[in-house]
Amino acid sequence: QVQLVESGGGLVQAGGSLRLSCAASGISFSISAMGWYRQAPGKQRELVVAITSGGGIITYADSVKGRFTISRDNAKKTVYLQMNSLKPEDTAVYYCNVGVVSAVQGYRPSDYWGQGTQVTVSS
């Protein structure tokens with residue numbers, strides 16, 4: 001079955017960095033688009049950034065542009081989220097998702113989610 005396992009979250013001071021990982025199994029990873037979402041307390045889950053099967057990057061959250069970078073390692077079936085210059089407003093549970101990307105609709109998520117990893121940024 002499909003399994004997505006996030007790791008790498010933690011507590012960091014503002015201005016610090018974290019690298020999240022999402023290990024996938026049960027999917028054809030190399031031909032799958034992947035997305036990172038986050039959900040802050042009391043807020044809806046939002047799509048932060050996605051990467052196509054070919055490595056194309058789509059950033060959806062303006063607030064992370066220039067600070068967050070998504071990448072993938074098809075051999076390891078893992079997608080990463082490098083987060084730099086972290087701010088308290090980045091505090092959230094971060095989830096990865098496997099989906100599809102179309103030119104018209106952009107990234108469309110599947111129903112497959114990981115358990116999430118908590119990121120807490122202190123001021």
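The values are calculated or read from the model by the stated rules, or taken from the named source; none is laboratory data. This one's a predicted model, so the numbers in the text were calculated from it and none came from an experiment. FYI the Cβ positions are ideal-geometry reconstructions off the backbone, even for glycines, and counts take in every protein chain you see. Surface accessibility is based on the protein's heavy atoms, side chains included, excluding ligands, DNA and RNA. Shrake-Rupley method; radii C 1.70, N 1.55, O 1.52, S 1.80 Å.
Relative contact order, percent, of the chain when contacts are C-alpha pairs under 8 Å separated by at least 6 residues?
Reported relative contact order: 35 percent.
In a Gaussian network model over the chain where Cα atoms closer than 10 Å are linked, find which of 104, 49, 79 has the largest mean-square fluctuation.
104
What percentage of the solvent-accessible surface of the chain, computed with a 1.4 Å probe over protein heavy atoms, is contributed by carbon and sulfur atoms?
Summing carbon and sulfur atoms, their accessible area is 48 percent of the total for the chain.
Among the aspartates and glutamates, which fall within straight-line cross-link reach of residue 77, defined as a Cα-Cα distance under 19 Å, with same-chain neighbours fewer than 8 residues apart omitted?
By straight Cα distance, residue 77 reaches 6, 111.
Between residue 67 and residue 104, with labels modelled 7 Å along Cα→Cβ, what's the label distance in nm to one decimal, could you check?
It works out to 3.5 nm between the two label points.
Test of understanding: what is the full-extension gain from residue 39 to residue 7, defined as 0.36 nm times their sequence separation minus their Cα-Cα distance?
Result for the pair: 10.0 nm of gain on full extension.
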